[in-house]
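One structure is given below, encoded as structure tokens.
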Amino acid sequence: MTSPLWIGRYRSAFAVVVSAIFAAPLYLALVNVFKPADAIRAHPLALPLHDFTTANVAGAAQLSLVQHGLKTSLIITVGSLLLMVPLSAMAAYYVSRWDSKVARLLMLFFLFGLMLPPQVVLIPTTVILRHLHLMFTYWGVILNFAAYYLPFGVFVFSGFLRSVSRELDEAGAIDGASSLKIFWRIIFPLMRPATASVIVVTALWTWNDFLSPLIILGAAHGVTITTGIYLAIGTYSIDYGQEFGVMFLASLPVLALFLFLQRYFVSGLTGGATKG
Amino acid sequence: MLYVALVFLPLVLALSYSLTNKNLLSPQTAYVGFGNYRELLSDTVFKQAVKVTAIMTALIVVLPNALGLGIALMLRSETRLFAVLRTIFFVPIVLAGVVVSFIWQAMLTDSGVINSVLGTAGLGALQQGWLDTPNHAIGSIVAVATWQYVGFCAVVYLAALKAIPDELLEAAQVDGCVGFARFRRIIWPLVAPAVTINTVLLLITGFKLFDYVKIITNGGPGGATNNMALNIYSVGFTQNAFGLASAQAVVLFAIVAGLSTVAVLLLRRREVEV
């Protein structure tokens, strides 16, 4: 579509102004990472031109809550993914390839899990984990995440599977491969784009989650980076500058992931979404 | 199996706990029938939480949805500048709720950035306690949620807009269908599936909102932002009243499941009619 040039210019200017207002909190969070605490209070919006410092980040990196939190978050995120990705891929393969009443019911059952607020199942989950002696352990949090995000994986994978030809399955079957073998050797490698989306989005959610680690890991037993920030800022009231340093360190991994894999973020988050 | 053990079983257990007086601190658990539910009917804190949740969710369903569509329409050109601007709108989505909460807390407190900027700009009259009165606090929480989720809505709308064939818009232009008429008659019906997705996702987001209310206001002032999600957490894990908290969880679940089903059915019907 073509519109007169002057409309195009106004449109760009307008878009830039709106975006700048929207980005103000991000700007604020970023510039104050590199300013001393008193400068943050006095001139929160100023650029760190003459008082640029990396002391906030260095100080934040020294905090044991942050070190411990980053390590725990990494373990939990990777653990949850290792469990959740293959399980949801296989479940999706099953429900989308076998046309039985059971499979359809199972799909409905998974979709239903997509809209479940975590608070609804959290209390019984803690009781079950306590019985299994997994409360206050990494495993407890990992199992909880893997189960809770399973429906999302099933949803994305089964959406993708609709575009994978069934002839491949049949060819494999004729060659005498078992369905498990067909899945791992033929189907799963083909689903790489869907797998990337599921990994990226689930990694983001598990890394950023606050409620589950707060309860299941328990602050006295271990912290993830999110509960670590909460304790560092909320309870121990650290230096104002370090606050921004801590948030910077916590966000750096997801921001890096996002900038490099933006494509997968968008397709994962909107995965089933754009298909309607 | 894992899903059954840690998602479905808990849901069933939540139902059964809600009929007991289970409390982590007392060893005896007895069946109390619908006692917990009866108690909720006269529980002013719970009723307040339901009201707060309803108000916040209603605003959160509408605001990011409407603004997201506006932003999508604004940023849909394929130039480099607009690609950068789109990325900016998407950044808040990848940040942790905890981080977003603390950034906004630094802005919203009495001596926070918003008030100091207003002061410097000579707009001291507009300075206020953004978290001090019930209305301001609810408004602030909704603003934070809108800021974080508007980019997501915009991305979903952008994908829907991209799917509209250029020929269709050009044909409309030839027929004199421009401006608002073009939006009303062509764009709006064709983004209907995106409206459904955003509405349902925002609905669920609104009901489970926890990080902001826990960190920015901790339910205050005076319970003004104590939503159902936070209340279940306090009753369940601070007072350890698992039975009562489970009854609240069941009510929350019933509302979320009911409303999302209704929303999907209503909005889907609109999609079919087009």
Top-ranked residue in segment B:88-106 [being within 7 Å of chain A (Cβ to nearest Cβ) and β-branched (Val, Ile, Thr); ranked as farthest from A:ALA15 (Cα to Cα)]: B:VAL98
Sole exception among (1) surrounded by fewer than 24 Cβ atoms within 10 Å (Cβ to Cβ); (2) over 24 Å from B:VAL113 (Cβ atoms); (3) within 11 Å of chain B (Cβ to nearest Cβ) for A:GLY222, by number: (3)
Of the listed residues (B:LEU131, B:LEU75), the one being buried (at least 18 other Cβ atoms within 10 Å of the Cβ), touching a residue at least 40 places away in the same chain (Cβ under 8 Å), away from chain A (no Cβ under 11 Å) and of a type in the set (A, V, I, L, M, F, W, C) is B:LEU131
Matching residues, segment A:32-47, being outside any helix (DSSP H, G or I) and either surrounded by fewer than 18 Cβ atoms within 10 Å (Cβ to Cβ) or on the phi > 0 side of the Ramachandran plot (or both): A:HIS43, A:LEU45, A:ALA46, A:LEU47
Given (1) under 23 Å from A:VAL156 (Cβ atoms); (2) touching a residue at least 12 places away in the same chain (Cβ under 8 Å), index of the condition A:GLN262 fails: (2)
Give just the number: which of (1) assigned to a helix (DSSP H, G or I); (2) more than 16 Å from the chain's Cα centre (by Cα) does A:TYR148 not satisfy? (2)
Say we look at segment A:89-137 and pick out the residues that are among the aromatic types (Phe, Trp, Tyr) and more than 12 Å from chain B (Cβ to nearest Cβ); which of these is farthest from A:ALA147 (Cα to Cα)? A:TRP98
Pairs with Cβ under 6 Å, 6+ apart, first in segment A:10-24 and at the interface with chain B (Cβ under 9 Å from one of its Cβ atoms), second assigned to a helix (DSSP H, G or I) and of a type outside the set (Val, Ile, Thr): A:ALA15/B:MET74; A:ALA15/B:LEU85; A:SER19/B:LEU85
Pick from segment B:79-108, criterion of a type in the set (Ser, Thr, Tyr) and assigned to a helix (DSSP H, G or I), ranking: modelled with the highest pLDDT: B:SER101
Please go through segment A:151-195 and pick out each residue that is buried (at least 16 other Cβ atoms within 10 Å of the Cβ), assigned to a loop (DSSP other than H, G, I, E, B) and in contact (Cβ under 8 Å) with a residue 12 or more places away in the chain. A:VAL164, A:MET191
Residues to consider are B:ALA257, B:ALA245, B:ALA249; find the one that is under 20 Å from B:TYR37 (Cα atoms), surrounded by fewer than 18 Cβ atoms within 10 Å (Cβ to Cβ) and within 9 Å of chain A (Cβ to nearest Cβ). B:ALA257
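The values are calculated or read from the model by the stated rules, or taken from the named source; none is laboratory data. Being a predicted model, the structure only gives us computed values, none of them experimental. All Cβ positions, even for glycine, are placed from backbone atoms using ideal geometry, and neighbour counts span all protein chains on display.
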